[in-house]
Each structure stands twice: as structure tokens, then as C-alpha cells.
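Note sheet for the following structure.
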Amino acid sequence: MFHSPIKSFFGVDCLKNNSEILKVFGNNILLITGKNSAKSCGALTEVVSVINQTGKKYVHFDQVTENPDLEIIRKGSDFLKKNNCDVIIAIGGGSPIDAAKAIAATAANNLIPEDLYKPNNIKKGIPIIAIPTTSGTGTEVTQYSVLTNLTTGNKAGFASPFNFPVCSFSDPKFTLSLPQTVTRDTAIDALSHLLEGIYSVKTEPLLYPIIFEGIKLIYENLQECLDQPLNIQIREKLMQAAFYGGLVIAQTGTTLQHSIGYPLTTEYGITHGCSNGIVMKDIMELFYFARKNEIDNLFTYMGIQRQDFYNWLISLNLVNDNFIDNNLLEAHIKKVAASSNIANNPIQVSTESIRKIYEKYIK
Ligand code: NAP
Ligand code: ZN
């Protein structure tokens, strides 16, 4: 089964060339962005110019920080209600777009953000138009929003059909300004989504052409993109792979690969993509025999050996020093074992297996 209720536009100038679609949704627009990048990458100027052509009003909430927390969602939801907004345009990486989904669900259903994790609480939504400026999360085409609870230190996603944007505009020119590390880490996040489409118990062979091609696009183009950051053709290839990754996890969900990475972000400030990348080889080894045919077919498609892929991962220099605090190890393992996407693993994963992976990185 494949489900995507989103009108997705892709390619250079896709927003400018299809701006009439903005006329369809709402009159009072809430623009949601992070602090700086929406402006510096050129997307904000383009969106405002398109809004002005429609004659609609907008207000701007620009307080979303990386790994958005529940307080930001509370503030954004109050801001939306105060301004009677009836449509959201979210510009940014995964953080502003995920925040937009949570703000919409909180405001539309009169919730407190803590209640977003009870799926039955979300009975309606507010239309969201998503404009990604990173090539990583694929959130522009998923039903997920990942939030951090600063009180508990937990990072977790919630899913709702109302989280799906109504449309998305993926224009690679907005990614030209991405710094090297963000380019690398977001591409690794997309790679993780594509691999998890193979690992997940909800794996769907219908997806394999885009999974295999997406992984190949990243493997063959990431280093070139880091060397030539202003090459729009290469940026477009990474954006395509990230888009595929989003389509994939929207069907299959994520797995241990993501849950094992969350404590690395909340405790040690390692970016989301990098957290996935650090444990990518370990997870592939752990799941290899459960998905041997599919993984072997993938590497045949790419014309490489599994070891070439591992060597390539090492060449990205994702981790230099060991960083895990031994005193926190048991708490990390407990959180991973309790996370909801553990149910998607292709094998029963013991706490011992999780410990073995983390132990490699104890300082
Ligand atoms: P991000 O946290 O949105 O942004 C990372 C950094 O990159 C920020 O400093 C941001 O600046 C900057 N940035 C964004 N676009 C830029 C551009 N075009 N040029 C220059 N700088 C730019 O990064 P992300 O990796 O895209 O999102 C990560 C979040 O998404 C995590 O919370 C992760 O858990 C979540 N996620 C969600 C899904 C899903 O399906 N919902 C899937 C995977 C991950 P500003 O702060 O100024 O904008
Ligand atoms: Zn991810």
C-alpha cells in the first residue's frame, strides 16, 4: 500500500511557477520559520512576494529552534490563535516544519502540547504548506512531527493524518546556502530513512525502486555536493533522495536506527542526522540477516560491496571522539527500549544489543 495525500511540487522555481495554489487555502497566513535561514536562503522573500500577489495577510512566527521543544509549540499555538490564522506556511528544515504540524494540531484541537502524543486527541487540523530548505527529514511529505520535552529530556515523534501538509514545494535553490555539516548530516538522515524502509516490518517492495535509487543518489553525490556546494544539479539530487526518504517512512515508519539516535541528540547535542549515521553500520550489521536478500540486492543495484558502503561512511568523519557518559548508559538504553518505533524492527532487539552499540562510544 502506498499513501500520500500531498500535492508535491519539485524543482527550481516550483513555488513561483505554481503560486496560484496558495489562493486555495485560508486567508490569514501564519508563516513559521527558524531564526535566520529562511531569510538567508531566499525562501522567505520569495514566499512573501507570492503571498503579496494573492492579496492575503500574513503574520510571522520566527522562534523555532533546532529540535523544537514543547514550549515553542505552546508559544506558536497561542500566536496562531491570537492572530486567527487559518493556514500555515512552514519554511525550513525539519524543525520549523515539524513545529508547524504540532502548532496546527495544538491550536486546532485546543490542546496542550503534552497531549499531542495521545492520537485520539487530534480530530482536526489546519492546512500546512511546507517549503523544505534542507535535504534530509522528508517531513514535507510525512505525517510525523518530532518534538523534545525539556522536562523529561525525551525526544519523540507523534503521528496524525492531520500532520500531512496539503502541499509541498521542494526547490533545490533554497538549499544552496546550507553549510557543509548541515548538508552532510541531513543527507545521512535521508539515507537512514531509506534504509529503514528496508528494515521496517512494514517494508513494502513497491517502494524498493525509490529506496534503492535514493540511497544511490546520496552515495554517489554527497561528497561532490560537499566539494561543490553551489552546484544546483547536485543539490537537486540530494533533495530528490530526501523527498524519497520522506515518502518511504510515511509508509514504513522508522526503527531502532532512529530511536537509538534520539538520546545522542538530547544528551550530547549531536545533530539528528549525525546521530543516525554514527550507528548506521552497527544497525545494518544487526539487521543484515533479517533483510539479507534486500540489502544484497541494494548493493548489487549500486554496483558496490557492503564494505565499500561502510568505508564511505567512515570517510564522512561523523564522529571523532567517544562521547557517551557511562553513568547515563542504562537510562539511554531504557529510553530506546521504550520508544514506539522499536515495534518496527525486523527482529526482536534485546537491551544487550542496544548496550553493545552504545558501549563502542563510551568516553
Ligand atoms: P533543522 O533543525 O531544521 O535545521 C538545522 C540548522 O540548519 C538550523 O541552524 C537552521 O537554521 C539551518 N538551516 C536550515 N536550512 C538552511 C539553509 N537553506 N541554509 C542555511 N542554513 C539552514 O534541521 P533538519 O535536519 O532539517 O531537521 C531536524 C529535525 O527534524 C529534528 O528535530 C528531527 O528529529 C526532525 N525529523 C523529522 C522527521 C519527520 O518526518 N517529521 C523525520 C526526520 C527528522 P535556522 O534555525 O535559522 O532555520
Ligand atoms: Zn530522521
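Of all DSSP bridge pairs formed entirely within the range 7-173, close to 20 percent run antiparallel. Between E46, E352, E196, the residue with the greatest mean-square fluctuation in the GNM of the chain (Cα pairs under 10 Å linked by springs) is E352.
Using alpha carbons only, how many degrees (0 to 90, rounded to 10) separate the axis of helix 180-199 from the longest principal axis of the chain? Here the helix axis deviates by roughly 70 degrees. Of the beta bridges in the chain, as assigned by DSSP with both residues counted there, near 20 percent are antiparallel. If the chain linking N311 and V59 were pulled fully straight, counting 0.36 nm for each residue of separation and taking away their Cα-Cα distance, it would gain 86.0 nm. Descending by average beta-carbon neighbour count within 10 Å, the peptides 330-342, 249-261 line up as 249-261, 330-342, the highest first. Straight-distance candidates among the lysines for linking to K56, with alpha-carbon spacing under 24 Å and chain neighbours fewer than 8 residues away dropped: K7, K16, K23, K35, K39, K75, K81, K82, K101, K124.
Computed from the C-beta positions of N83 and N17 and an R0 of 35 Å, the FRET efficiency is 0.75 to the nearest 0.05. Once you keep just the Cα pairs under 8 angstrom separated by 6 or more residues, what percentage relative contact order results for the chain? Computed value for the chain: 16 percent relative contact order. How many lysine pairs does the range 140-298 hold where the Cα atoms are under 25 Å apart and the two sit 8 or more places apart or on different chains? Step by step, the pairs that qualify in the range 140-298 add up to 12.
Cross-link partners of K57 among aspartates and glutamates, defined as those whose alpha carbon lies under 12 angstrom from its own and excluding same-chain residues fewer than eight positions apart: D86.
Against the empirical 2.2 N^0.38 Å (N residues), the range 7-173 has a Cα radius of gyration ratio of 0.94. For the chain, the longest principal axis of the C-alpha atoms and the axis of helix 43-54 are separated by about 30°. Taking 0.36 nm per residue of sequence separation and removing the Cα-Cα distance, the L206/I112 pair yields an extension gain of 30.0 nm. With respect to the chain, whose longest principal axis is taken over its alpha-carbon atoms, helix 329-338 is tilted by about 60°.
Bear in mind that the values in this text are calculations on the coordinates, not laboratory data. Keep in mind it's a predicted model, so treat the numbers as computed, not measured. As a convention, Cβ positions derive from the backbone with ideal geometry for all residues, glycine included, and neighbour counts pool all protein chains shown.
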